[in-house]
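The values are calculated or read from the model by the stated rules, or taken from the named source; none is laboratory data. Computed from a prediction, not measured in an experiment: that's the story for all the values here. Quick reminder, even Gly has a Cβ in these numbers, built from the backbone with ideal geometry, and neighbours come from all protein chains shown. Calculation scope for accessible area: heavy atoms of the full protein, side chains included, ligands and nucleic acids excluded. Shrake-Rupley method; radii C 1.70, N 1.55, O 1.52, S 1.80 Å.
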Amino acid sequence: MAASSARAALTSIPLFHEKLRKSNRILAVCGAGLSAASGLPTFRGAGGLWRNHNAVDLATPEAFDADPGLVWLFYAYRRHMALNVKPNPAHYALAELARKKPGFRCLSQNVDNLHVRAHHPPSQLSLLHGSLFSLKCTTCPWTDPYNTADPLCPALAPAAESSPDPTKPLPLLDPSQPLADIKESELPHCPDCKKELVRPGVVWFGEMLDEQMLEDIDEWIEQEPVDMVLVIGTSSFVYPAAGYAERARTEGRTSVVTVNLEITGKDWESMAEGDFGFEGDASLLLPELLGPVIGEVKGEEEG
Ligand code: BJW
């Protein structure tokens, strides 16, 4: 196939629709770009800085050990942001795909709870990196699976403020403004062991993902060939998430479909025959791409 007709096949919406209609076993691997249109920043590239800190540098057990107050402010702010935005049409489109195709399974790296708020059927959703709204003890087995208190405690109140002047950044986000030094005694402590700090129930670098969840995903992938993998709004940089598309591929059968604001030349080159790439905002692309199966997206959060 000439290069231009190969690229045309990769981006053909009618060919994608034909494949989607015939696909039963579908996997999605989602990342921060899925929630970008809701107003939440991604990790890498523009928006990935928080007060001059790289967001990924704060997402580590080492950062928490070194400065739990700073890391808690970062997470308290992200909890506040996530509570104040809404799922976008891409979250609703995936939730509807799950209802229309029982063989669809969504693996999301996002911790913002927006899939859940878009009513994605829980049995078809794996939250790989946990949730901003679950809490756990740093040491003992205590967990609180769902806590939306905002602020979580008085010391974290600066993260739950709205800007007094909308034209100016929040003092919390302005690196030239000093942060109050939060003492460990002011941060949430485990109500069970009563000794240790509580931390966000998310998965940081170097930490294991939930083993039962990983086993279930492996079992699902190995059960039968997968027809399609949708790789949506992720830089595919972080493992194990980044490995699932190729793990689920059966040559000649599986279409790997990249939906991303930016698809690099290298990404295009690595696509196989039958793969697809759609460049743009996932919140606009997914309703159109999934339309023939899900119909029109009607996003309504229930109370
Ligand atoms: C849009 C858009 C729009 C923008 N529309 N698109 C194998 C090889 C090498 C290393 C490892 C390996 N296996 C494991 C590791 C170690 C490590 C790892 O992957 N390291 C890499 C740096 C290589 N993995 C781990 O440590 C994991 N644990 C583990 O595997 O345990 C066992 C083990 C440990 C150690 C060694 C070996 C085995 C745990 C990973 C936990 C990741 N945690 C974080 C933080 C979660 C909590 C929080 O949210 O704060 O997860 S880091 C951060 O990155 C977060 C994200 O979920 C994750 C992925 O980021 P994502 O979602 O892809 O976001 P971005 O910003 O990178 O990309 C956004 C994309 O959207 C871009 O492409 C944009 O273009 C696009 N976009 N707007 C569509 N509108």
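With a 1.4 Å probe rolled over the protein heavy atoms of all chains, the accessible area of Ser235, Ser176 falls in the order Ser176, Ser235, largest first. Bridge orientation summary for the range 131-266: considering DSSP beta bridges with both residues in this region, about 55 percent are antiparallel.
Charged neighbours of Asp174, selected by a Cβ distance under 10 Å, balance to +2 (K, R count +1; D, E count -1). Extension gain, Phe237-Leu83: 0.36 nm per intervening residue step, less the Cα-Cα distance, totals 52.8 nm.
If you average the alpha carbon positions of the range 175-242 and of the range 56-126, how far apart do those two centres end up, in angstrom? Computed from Cα coordinates, the inter-centre distance equals 10 Å. Each residue was assigned an accessible area with a 1.4 Å probe, and for Met213 the value is about 30 Å².
Remark: the Cα gyration tensor places the range 152-239 in the oblate category, a/c being 1.5 or greater and a/b not exceeding b/c.
For Ser12 and Val56, a Förster radius of 45 Å and the Cβ-Cβ distance give a FRET efficiency of 0.80, rounded to the nearest 0.05.
Between His53, His120, His129, the GNM of the chain built on Cα springs shorter than 10 angstrom shows His53 fluctuating the most.
Rolling a 1.4 Å probe over the protein chains gives Asp267 an accessible area of about 60 Å².
Accessible area per residue for the chain, computed on protein heavy atoms with a 1.4 Å probe, is 50 Å².
Net charge of the neighbourhood of Glu296, taken over other residues with C-beta under 12 Å away and scored Lys/Arg +1, Asp/Glu -1, is -1. Find out how many positive minus negative residues lie around Leu40, taking Lys and Arg as positive, Asp and Glu as negative, among other residues whose Cβ is under 12 Å from that of Leu40. That works out to +2. Beta bridges from DSSP with both residues in the chain: antiparallel share about 30 percent, rounded to the nearest 5. Note on the range 37-109: along the principal axes its Cα atoms extend 47, 22, 22 Å, ordered by decreasing extent. Taking each DSSP H run with n ≥ 4 as -39500 (n - 2.57) and averaging over every residue of the chain yields -8500 deg cm²/dmol at 222 nm. Relative intensity of the range 206-303 on a log10 scale, I(q)/I(0) at q = 0.12, 0.13, 0.17, 0.22 Å⁻¹, equals -0.50, -0.58, -0.94, -1.24, per a Debye sum over C-alpha point scatterers of equal strength in the absence of solvent.
Look at the Cα gyration tensor of the chain: its axes a ≥ b ≥ c give a/c of at least 1.5 with a/b over b/c, and that counts as prolate. For the chain, averaging the sequence separation of C-alpha pairs within contact (under 8 Å, six or more residues apart) and dividing by the residue count gives a relative contact order of 26 percent. If R0 equals 45 Å, the separation of the Cβ atoms of Leu214 and Glu161 corresponds to a calculated FRET efficiency of about 0.75. Is any residue of the range 212-246 close enough, with backbone N under 11 Å, to a label point placed 7 angstrom from the Cα of Thr143 along the Cα-Cβ axis, and if so, which? Flagged as within label range: 212-213. Starting from the Cα gyration tensor of the range 77-200, take the square roots of the eigenvalues, sort them a ≥ b ≥ c, and report rounded, prolate or oblate (rounded when a/c is under 1.5, otherwise prolate if a/b is larger than b/c, else oblate). Oblate. Remark: the chain carries a charge dipole of roughly 580 debye about the Cα centre, counting +1 on each Lys and Arg Cβ and -1 on each Asp and Glu Cβ. Could you list, in their original order, any pairs among Lys86/Lys136; Lys100/Lys266; Lys19/Lys298 whose Cα atoms are separated by more than 31 Å? Over 31 Å Cα-Cα: Lys100/Lys266.
Annotation: amide H-H contacts under 5 Å for Ser255 (H modelled 1.01 Å from N, sequence separation of 5 or more, or interchain): Met228, Val229.
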